[in-house]
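Data first, discussion second: the structure below is written as structure tokens.
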Amino acid sequence: MTPQSEAELAEIIAGANGPLHITGGGTRPIGHTNGAALSTSKMSGITLYEPGALTIVAKAGTPVAMIEAELAKENQRLAFEPMDHRSLLGTKGDPTIGGVVATNTSGPRRIAVGACRDFALGVRFVDGAGTIIRNGGRVMKNVTGYDLVKLLCGSYGTLGVLTEVSLKVLPNVETTGCVLLYGLDDATAIRALSAALGSPFEITGAAHLPNGMDGEPVTMIRIEGFEKSVTYRAGKLRDLMKPFGEVTLQIGETDDGYGTEKGWTWVRDVTCFVDQPGDVWRISTKPSAAAALAAQLGATAVQYDWGGGLIWALMPEGTDLRARLGTIDGHATLIRGKADAPTFHPEPAPLAAITAGLRAKFDPRGILNPGLMN
Amino acid sequence: MEMPAPNASVLSRKDQIVERLCGVLPRDAVISDIAETRAYECDALTAYKCPPLCAVLPANTDEVSAVLKICHDMGVPVVPRGSGTSLAGGALPTADSVILGVAKMNGVIETKYDDRYIKVQTGRTNLSVTGAVENNGFFYAPDPSSQLACAIAGNIAMNSGGAHCLKYGVTTNNLMGVTMVMMDGTVVEIGGAHLDAGGLDLLGLICGSEGQLGVVTEATLRILHKPEGARPVLMGYDNSETAGQVVTDIIRAGVLPVAIEFMDRPCIEATEAFAKAGYPMCEALLIVEVEGSDDEIDYQLDLIMKIAAGHNPVELRQAKDADEAGRIWLGRKSAFGAMGQINDYMCLDGTIPVSSLPFVLKRIGEMSKEFGLDVGNVFHAGDGNMHPLILFDANKPGDLELCEEFGAEILKLCVEVGGCLTGEHGVGIEKRDLMNVQFDPQDLEAQMAIKDVFDPAWLLNAAKVFPLETSQSRRAA
């Protein structure tokens, strides 16, 4: 089913007599569910774009590429840098903005500017009873009533089907610079990233790849802004990073290497795991714990983003990574694979009770992507 | 402003309730003497007052849990209170309620610079969070004007903003985790020292829920290294349309200042008389601040000055040193106090799309004449968060009501142009009865359904946020 309008979608959900499997562009098949396919892809189009107010409103099925193209015309962008899951998950099709919001998908810049949920200003959605609900709006500061925008963001379609989202956008930058260190071990690299992120130099990307593009370890620190400012901060960071190893600077676009957009796209899309056999897990934790945690996983390969706070782990097929993690400050999600484990991190009993209570309110019949998040 | 009639059964059981509370708290942490409960009769929305049944000042999460368990068992309403600086009446008690104040819980639990967070008890004031980390060069970004006094608990309840949120975001963007006590006494941990939720974003839901879903006792907050420097520029224009255009042009030029503040003539006149900051007398004044090293600041201010100069400013002044910067901020920071010198005022908080600024200011001016009440406008222009200050005389019969009526019209206008009722102060009781203007019944029903999950008996701060008649059946149940 591919409804063309919010009203039609509401009718379909109200009249449904069984589970629905909700998708946007179908490029992020994370978790398992069953039911009749229901796609938002035909509800597409930018409803409003005010560059001077840094806001864009679009229907849920609008391709991300269309939004990015419109923003680029005004020299603006989605600052949270949503990951494109297609190569990692082997999917085709067009990622939609509704899908980005429903999965709270962000990228390396999350460490500096926030996640998709921090840029989501408003939503319209249809709940499991077929009721159309509106929350938030299109202004940047809004504390009117409860924040269902954040609740819906990252709810994977289980509380309601998004029909429209409004997002805060930011100006594009003049220049990007990158500070690189080669050959560091994981623990040293994360200490270096913490030092950089704890500086006043406004880092917008902080990743460590034990297996970089050439197979060797590389630690990447991104700075963005006006050219003069980037050059200045890159120089400061070079001095700050000297104790950790030999430092290479890249300012602006170069033909290859990590300072370029290509390098950060490589990090964002976890390209080093593409076409590699095994399960892919995504762990959010505190950076200072990351290297030790990763070491105890027995992973085939790992990648660190967000200054170490985000660990991507490639695990032998069928491994329950959580059993090896133990209790952590954070959570692990199975993004790709066949492990006999819940996709999302099990919640402690009192939180699980709240979650179950919310699901019962928003989807009383349990028909929206049933079981996907638990 | 109507408040629900107190529950007679609760009032009649006051002695029993106090006795049970004294059983779980030190004697001096339970305030039940009528004279002493008056200290808790209102918050910063002083037009409304009502002493609570009693007030309790627990010292830790366990004590909060014990208090809430008792109140839950005995069916007693609870009103959580941070420092009582709410301008929306968020901490206004009812006569049958127990005020749960977090003031004693003001400690720092853990500071971790490597991971860039601090964990505090929520009674700690906003400014003293920065105070705890500034020797290491760090700060906590959200900076509501009341930051010297306001508590983190209240910041989380109202999702407070501040002057610098154009760059750094509001509370919800800087909150990583909470320890929260549910109305039945259950203690839950949400989030932590990591980023983003593993399941549903309950943290995002809690932040801004106005103390209606639980009592947050501990919070993990993101801290950042201070910028190398910051400097403002001041510009004056002879009409607000031009000032609005300048704001838009600055944003579109790709500069992202940390703050863009706006003041109109009535506000400028009041602050000049009060603080003598040397502001130009004009219709619209902007203060734009950028951060970075000296060279970076020079570069950005140069861009901003060029844009500003292109719109025929009546004044354009760049701070050359800290002293001049201080003078530029002096007027803005004393604006509320200055207006308060003239008369009583009501401070509104609607947000509008930046593009509607000139229209909304013009309409406010017209309405000011219709209602016969003066208005000064001072606000965060970069994000459209307005703060019209309506002057009235609290001692003049009918003036408060007239002022409220005027305020309601302004907020309706904010919603009409695509904005909202409140950008950073919260709904509380002040905007409660206007919620129907912004939301359809099913939108409010969805929000109330959430409270049903967290607090099924509607005991926590229940007379706030939702129009009384809309929440009536739930509160009475």
Estimated dipole of segment B:343-416 in Debye, rounded to 20 [Cβ of Lys and Arg +1, of Asp and Glu -1, Cα centre]: 280 debye
Paramagnetic reach from B:Ser9 in segment B:70-86 [backbone N under 16 Å; point 7 Å along Cα→Cβ]: B:71-78
Charge dipole (the protein assembly as shown, unit charges on Cβ, about Cα centre) - positive-most of A:Ala196, B:Ile390, B:Leu100: B:Leu100
Table column - 3J(HN,Hα) (Hz), segment B:377-383, Karplus curve with 6.51, -1.76, 1.60, x for Gly and Pro: 10, 9, 6, 8, 6, x, 10
Two-site FRET efficiency, A:Lys262 against B:Ser128, from Cβ-Cβ distance with R₀ of 51 Å, rounded to 0.05: 0.65
Nearby aspartates and glutamates by direct alpha-carbon distance to A:Lys286 (threshold 15 angstrom, same-chain neighbours under 8 apart not counted): A:Asp186, A:Asp305, A:Asp329, B:Glu110, B:Asp114, B:Asp115, B:Asp196
Hydrodynamic radius of the protein assembly as shown per Kirkwood, over alpha carbon pairs, in Å: 27.6 Å
Convex hull per residue volume in Å³, alpha carbons only, for segment B:8-103: 87 Å³
Rg/Rg_globular for segment A:202-328, with Rg_globular taken as 2.2 N^0.38 Å and Rg from C-alpha atoms: 1.14
Cα-projected label distance for B:Ala47 with A:Leu249, points at 7 Å along beta-carbon direction, nm: 5.8 nm
q = 0.09, 0.13 Å⁻¹: log10 I(q)/I(0) that the Debye formula gives for chain A, counting C-alpha atoms only: -0.52, -1.08
Rounded to whole Å, sorted largest first: equivalent-ellipsoid semi-axes of segment A:175-268, Cα gyration tensor: 18, 16, 10
Average projected area [Cα convex hull, segment B:230-336], square nanometres: 5.9 nm²
Charge dipole (debye, nearest 20) of segment B:8-103; +1 at Cβ of Lys and Arg, -1 at Cβ of Asp and Glu: 140 debye
Residue-span extension gain [B:Val314 to B:Arg363] - 0.36 nm each, minus C-alpha spacing: 15.3 nm
Along principal axes, Cα extents of segment B:343-416, largest first, whole Å: 37, 19, 16
Members of A:Lys141/B:Lys49; B:Lys306/B:Lys333; A:Lys262/B:Lys119; A:Lys168/B:Lys306 lying beyond 31 Å, as alpha-carbon distances in this model show: A:Lys262/B:Lys119
Against the rule of thumb 2.2 N^0.38 Å, how large the Cα Rg of segment B:358-477 comes out: 1.20
Rg followed by Dmax, in Å, when segment B:108-225 is reduced to its Cα trace: 13.1, 41
When each of A:Lys42/A:Lys73; A:Lys42/A:Lys361; A:Lys150/A:Lys242 is checked by Cα-Cα distance, pairs over 30 Å: A:Lys150/A:Lys242
Total charge dipole magnitude, segment A:38-152, about the Cα centre, Cβ charges on Lys, Arg, Asp, Glu only, Debye to nearest 20: 120 debye
Extent along principal axes [Cα atoms of chain B; Å; largest to smallest]: 69, 56, 42
For segment A:136-209, alpha-carbon Rg and Dmax in angstrom: 18.8, 50
Hz values of 3J(HN,Hα) by residue in segment A:73-83 - Karplus curve (6.51, -1.76, 1.60), Gly and Pro given as x: 4, 9, 6, 10, 7, 7, 5, 7, 6, x, 5
Aspartates and glutamates whose Cα lies under 16 Å from that of B:Lys362, excluding same-chain neighbours fewer than 8 positions away: B:Asp238, B:Glu241, B:Asp264, B:Glu283, B:Glu370, B:Asp374, B:Glu409, B:Glu416
Formal net charge of residues neighbouring B:Glu41 (Cβ-Cβ distance under 15 Å; K, R +1; D, E -1): -1
Separation between Cα centres of segment B:258-329 and segment B:67-137, rounded to whole Å: 35 Å
In order through segment B:124-139: 3J(HN,Hα) via Karplus (6.51 cos²θ - 1.76 cosθ + 1.60), integer Hz, x for Gly, Pro: 5, 6, 3, 5, 7, 5, 4, x, 6, 10, 6, 5, 9, x, 9, 8
Mean separation of Cα contacts under 8 Å, 6 or more apart, over the residue count of segment B:343-416: relative contact order %: 41 percent
Amide N of segment B:269-312 lying under 18 Å from the label point, which is placed 7 angstrom from the Cα of B:Asp323 along Cα→Cβ: B:276-279
Cα Rg over Rh - segment B:249-290, Kirkwood: 1.08
Cα lying deepest toward the dipole's positive end in chain B, options B:Ala408, B:Ala66, B:Ala319, charges on Cβ: B:Ala66
Sum of -39500 (n - 2.57) over DSSP H runs of 4+, divided by residues of chain B (222 nm, nearest 500): -11000 deg cm²/dmol
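Every number here is computed from the coordinates shown, using simple stated rules; none is lab data. The model shown is predicted, which means the values in this text are computed figures rather than measured ones. Virtual Cβ from ideal backbone geometry, glycine too; neighbours counted across all protein chains shown.
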